[in-house]
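Only the coordinates and a few stated rules stand behind these numbers; no lab work does. Just so we're clear, the structure is a prediction, and the values are computed from it rather than from any experiment. In this analysis, Cβ positions are derived from the backbone assuming ideal geometry, glycine residues included, and neighbour counts consider all displayed protein chains.
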Amino acid sequence: MDRTYLIKPVIDAEYPMIDYGKGVYLYDSEGKEYLDASSGAITANIGHGVQEIIDAMTEQAKRVSFVYRSQFTSEPAEKLAKKIASLSFPELNWCFFVNSGSEATETAMKISIQYWQEKGVMTKTKVLSRWMSYHGITLGALSMSGHTGRRARFIPLLEDFPVIQPPYCYRCPYNKEAPECGYLCANELDNIIRRMGSEHIAAFIAEPIIGASGAAITPPKDYYKIIKEICERHQILFIADEVMTGFGRTGTMLACEQWGVEPDIVTLGKGMGAGYTPIAATLVGDHVMEPIVSGSKTIMGGHTLSANPQACAVSLAVIEYLEKNKIIPEVKKKGEYLKAKLLQLQKSFSFIGDIRGRGLMLGIEFVQNFVEKTPFPRTMKVTESMISIAQQHGLLVYPAGAGSDGVNGDAVMIAPPLTITYKEMDDLIQRFKETLQQFTNFYLNEVDLKLEGDKE
Ligand code: PLP
């Protein structure tokens with residue numbers, strides 16, 4: 001093959017060439033079919049090739065594709081901001097558009113610092129976070145991310161913002177069970193803030209359900225109530241990073257709604273454009289914007305393509321599609337169906353240690369020993385093998401967990417487009433079952449090989 005000029009995630013790996021997509025299926029240039037059980041990177045929330053979105057895109061392109069936000073506003077941008085405000089918590093009425101989740105969380109970080117500055121508090125500049133978290137790849141967002149694998153190369157450039165343990169009940173850092181644990185992992189935030197001094201802390205950021213680095217780690221019932229109470233008590237803003245969980249992925253517009261906790265700032269991305277366009281947003285509460293509106297009147301942030309009319313028109317069409325087809329209210333039921341099928345599979349495959357998550361954001365953690373919960377040695381690259389075997393079986397699953405934290409093991413996420421039908425979920429499960437069967441053979445070979453090595 002000719003040399004490539006494209007820097008891909010793994011430079012010398014061979015990637016299939018994609019040809020087209022329809023609904024939950026993708027087809028490569030050799031005609032192979034893939035069931036997109038990960039919505040790409042938990043992004044293609046309404047599936048591929050939806051005509052209504054293509055039409056909205058074309059219509060807006062005919063009018064105008066780009067205007068610079070310092071010179072003009074546009075109807076799609078104004079309408080989208082109003083629509084998103086109406087879909088989220090009553091206080092979250094301000095919307096700042098960007099192009100990626102990383103930009104959204106970095107903007108949230110900056111707005112939280114600016115908020116305190118506009119109130120005359122200049123020392124509150126840190127944005128605390130958790131280990132096993134991912135908030136984006138740009139340096140500010142990576143500083144907040146507790147994803148050890150992605151941080152490692154840039155440590156000298158990063159702030160040490162991850163400070164507390166995640167609510168990882170399957171491997172509780174305190175070896176206890178909720179609620180008897182007394183929510184030690186949430187209360188740790190209180191201790192850290194006292195040690196660091198709340199006068200230095202602008203905000204705390206968390207993914208309601210941990211995605212890329214935790215494979216759908218879902219906290220117990222009162223976790224966020226405790227977190228929010230600690231933030232309020234110490235005068236620290238609470239930022240919910242809903243880049244992955246937002247836009248209906250877990251069964252409600254925002255996942256935070258399910259814990260009855262209202263964040264001061266929310267970030268959105270991924271499902272917002274559903275993969276049809278790059279678009280993301282930082283939603284800001286009225287009370288956070290108030291000192292800025294009556295102070296400098298400008299957010300120190302933004303990008304050339306922020307509030308791009310073309311991208312906003314696409315996102316509006318995505319929302320309209322979700323609403324017209326009543327997709328979000330069905331997500332919980334579909335998620336329960338899929339989870340029940342996965343739990344059935346667990347009975348036959350003892351290396352499935354944990355199945356977790358909400359709605360159509362499900363995580364599966366693999367273990368060498370079911371009872372002891374022993375992770376596989378990282379050198380076995382179980383996640384990578386699982387992804388590759390699944391792909392051979394025409395199934396796309398999302399790598400999550402592996403390498404994200406030095407101490408934790410292998411996991412994948414299953415998060416298909418929210419539009420998936422029950423018949424397609426059965427197809428998904430069949431392909432996953434074949435994957436697990438083939439992995440069993442692979443795993444046994446590996447163990448045999450290891451035993452052979454030990455004998456020598
Ligand atoms: N925040 C969360 C919760 C994410 O899952 C991601 C990406 O996976 C990001 C932020 C970064 O988004 P992007 O890759 O669009 O920059």
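Can you give the extra length, in nm with one decimal, that the chain gains between Val371 and Tyr422 once fully stretched, where that is 0.36 nm per residue apart less the Cα-Cα distance? Mind dumping the intermediate values first?
On the way: separation 51, 0.36 × 51 = 18.36 nm, distance 3.23 nm.
This chain segment gains 15.1 nm when fully extended.
Which of the pairs Lys124/Lys297; Lys62/Lys270; Lys225/Lys297 have their Cα atoms more than 23 Å apart in this structure?
Lys62/Lys270; Lys225/Lys297
Pull out a ≥ b ≥ c, the square roots of the eigenvalues of the alpha-carbon gyration tensor of the stretch 209-366, then state rounded if a/c is under 1.5, prolate if not and a/b is larger than b/c, and oblate in the remaining case.
Judged from the Cα gyration tensor, the stretch 209-366 comes out oblate (a/c at least 1.5, b/c at or above a/b).
Rounded, prolate or oblate: which fits the stretch 196-251 when a ≥ b ≥ c are the square roots of the eigenvalues of the alpha-carbon gyration tensor, with rounded for a/c under 1.5 and prolate only if a/b beats b/c? Could you put the intermediate results ahead of the total?
Working: a/c = 2.29, a/b = 1.93, b/c = 1.19.
Prolate, since a/c reaches 1.5 and a/b exceeds b/c.
What is the dipole size for the stretch 157-236, taken about its Cα centre, with +1 at each Lys and Arg Cβ and -1 at each Asp and Glu Cβ, in debye to the nearest 20?
With Lys and Arg at +1 and Asp and Glu at -1, about 140 debye.
Calculate, for Met17 and Ile155, the FRET efficiency according to 1/(1 + (r/R0)^6) with r their C-beta to C-beta distance and R0 35 Å; round to the nearest 0.05.
Values: r = 36 Å, r/R0 = 1.04.
Efficiency computed from Cβ-Cβ geometry: 0.45.
Can you find, among Gln392, Ile54, Gly40, the residue farthest towards the positive end of the dipole of the chain? Put +1 on the C-beta of Lys and Arg, -1 on that of Asp and Glu.
Ranked along the dipole, the leading option is Ile54.
For Val163, enumerate residues with amide H under 5 Å from its amide H, sequence gap 5+ or separate chain, H modeled in the peptide plane.
For Val163, the qualifying residues are Ser129, Arg130, Trp131.
Can you check what the net charge comes to around Asp222, using other residues whose Cβ is under 12 Å from the Cβ of Asp222 (Lys, Arg +1; Asp, Glu -1)?
Residues close to Asp222 contribute a combined charge of +2.
Pull out the extension gain between Glu33 and Asn441, defined as 0.36 nm times the separation in residues minus the alpha carbon to alpha carbon distance; nm, one decimal.
Extending this stretch completely gives an extra 144.5 nm.
Quick check: the distance between the Cα centres of the stretch 363-387 and the stretch 27-55, to the nearest angstrom?
What the calculation gives is 28 Å, centre to centre.
Distance in nm between label sites at Ser348 and Glu336, each 7 Å beyond Cα in the beta-carbon direction?
2.5 nm
For the chain, what is the calculated [θ] at 222 nm in deg cm²/dmol (nearest 500), taking -39500 (n - 2.57) for each run of four or more DSSP H residues and dividing by its residue count?
Using -39500 (n - 2.57) per qualifying helix, the result is -12000 deg cm²/dmol.
Enumerate the residues in the stretch 276-306 having an amide nitrogen under 18 Å from the point lying 7 Å beyond the Cα of Val64 toward its Cβ.
303-306
Share of antiparallel DSSP beta bridges in the chain, in percent to the nearest 5?
70 percent
Which of the trypsin sites (Lys or Arg not before Pro) across the stretch 100-192 are loop residues per DSSP, with 11 or fewer other Cβ within 10 Å?
Numbers: sites: Lys110, Lys119, Lys124, Lys126, Arg130, Arg150, Arg151, Arg153, Arg171, Lys176; in loops: Lys119, Lys124, Lys176.
Sparse-neighbourhood loop trypsin sites (Lys or Arg not before Pro): none present.
Counting pairs of alpha carbon atoms under 8 Å apart in space and at least six apart in sequence, what relative contact order in percent does the chain give? Before the final figure, lay out the partial values.
Working: 902 pairs, mean separation 98.4, N = 456.
Here the relative contact order equals 22 percent.
Which of Ile164, Ile236, Cys312 sits farthest toward the positive end of the charge dipole of the stretch 51-324, with +1 on the Cβ of Lys and Arg and -1 on the Cβ of Asp and Glu?
It is Ile164.
Please compute the net charge surrounding Glu75, taking Lys and Arg as +1 and Asp and Glu as -1 over other residues with Cβ under 13 Å from its Cβ.
Here the charged neighbours net out to +2.
Can you classify the chain as rounded, prolate or oblate using the Cα gyration tensor, where a ≥ b ≥ c are the square roots of its eigenvalues, rounded means a/c under 1.5, and otherwise it's prolate if a/b beats b/c and oblate if not? Mind dumping the intermediate values first?
Details: a/c = 1.73, a/b = 1.21, b/c = 1.44.
Taking the square roots of the gyration eigenvalues as a ≥ b ≥ c, the chain is oblate.
Among Tyr174, Gly401, Ile137, whose Cα sits farthest toward the positive end of the charge dipole of the chain (+1 at Cβ of Lys/Arg, -1 at Cβ of Asp/Glu, about the Cα centre)?
Checking the options against the dipole of the chain, the answer is Tyr174.
Amide H to amide H, which residues 5 or more places from Asp410 or on other chains are under 5 Å from it, using H placed in the peptide plane?
Phe366, Phe376
Do the alpha carbons of any pairs in Lys228/Lys332; Lys221/Lys339; Lys8/Lys228 sit beyond 28 Å of each other, and which pairs?
Distance filter (> 28 Å) returns Lys8/Lys228.
What whole-number distance in Å separates the alpha-carbon centres of the stretch 72-125 and the stretch 275-292?
Computed from Cα coordinates, the inter-centre distance equals 3 Å.
Over the stretch 1-131, how many percent of alpha carbon pairs lie in each 10 Å bin up to the one with the longest distance?
9, 21, 31, 25, 12, 2, 0
Amide H neighbours of Val98 under 5 Å, at least 5 residues apart or on other chains, H built in the peptide plane: list them.
Ala280, Ala281, Thr282, Ala307
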